[in-house]
Amino acid sequence: MSTQMHQIKKMPRPAEGFFGKLAETAKGLWSLIVGLGVTGRVFTQKQETVHYPRKTVSEPALTGYRGHIELVHKDDDPTTPRCIMCMKCVKVCPSGCISIKSKKIEHIEHKDKEQDPNTHHSNGLTVLPKQAVPSPGKGKRELTLFKLDYSLCSLCSLCVETCPARSLRHSKHVYWSEFDKDNITLDLLDRMRKQAGAKEDS
Ligand code: SF4
Ligand code: SF4
């Protein structure tokens, strides 16, 4: 067996004599001064914490904060999400937290231009259709539910990165807490619409 394997690291011997003890004391004092220097530097820096709930963190301080995911609305319509219902986020989510429901919107074909409700006449009146023909084959889909079970979410961000329509992002919902995990299932479509309504009211 090699001698290297049996080598035991020797502990430094305590300082001996007057000068040894003096050196030990000086080392201890220096360490104290360095520690106090760090404390003093942090103490005089700008405060990073806030006295919640009297104060809340400013928006810029939340940059990079990953709250639960939320839907992003279309640029020209705050009540409609950008979502194209491709289901990629549902498939990629490792925890199965996302559920989506959609319905087909019946496309109404009008017999002629006169019957199109969007046809405006020079007198300013809109002509209502006399006869409209539903054409389900040409229908578009509409998102009716976008549910997130946040109790399962690991905030991995895969859904956000995968979404081809950039319809998902992490929220800045920082002060949210619940006692019951059943209360942390979110209807994200409803939430987005309520936020749009709140903005209009303010
Ligand atoms: S962040 Fe991850 S775990 Fe959470 S919903 Fe998205 S894909 Fe699922
Ligand atoms: S990946 Fe994006 S566009 Fe596709 S269903 Fe999910 S949120 Fe909608």
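Throughout, read-outs are computed from the coordinates displayed, never taken from laboratory work. Predicted model only: the values in this text are computed from it and were never measured. Cβ sites come from the backbone with ideal geometry, for glycine too, and all protein chains shown count toward neighbours.
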Self-check item: Links that overshoot a 30 Å alpha carbon limit, given the list Lys46/Lys199; Lys91/Lys199; Lys46/Lys147; Lys55/Lys194
Solution: Lys46/Lys199; Lys91/Lys199; Lys46/Lys147
Self-check item: Segment Glu24-Arg54, length gained on full extension (0.36 nm per residue, minus Cα span)
Solution: 6.0 nm
Self-check item: Ser177-Gln47 FRET efficiency (beta carbon distance; Förster radius 25 Å; 0.05 resolution)
Solution: 0.65
Exercise. Report, in cubic angstrom per residue, the convex hull volume of the C-alpha atoms of the stretch 22-62.
Key: 86 Å³
Exercise. Starting from the Cα of Arg166, step 7 Å along the direction of its Cβ; do the same at Thr63; then give the gap between the two resulting points in nm.
Key: 1.8 nm
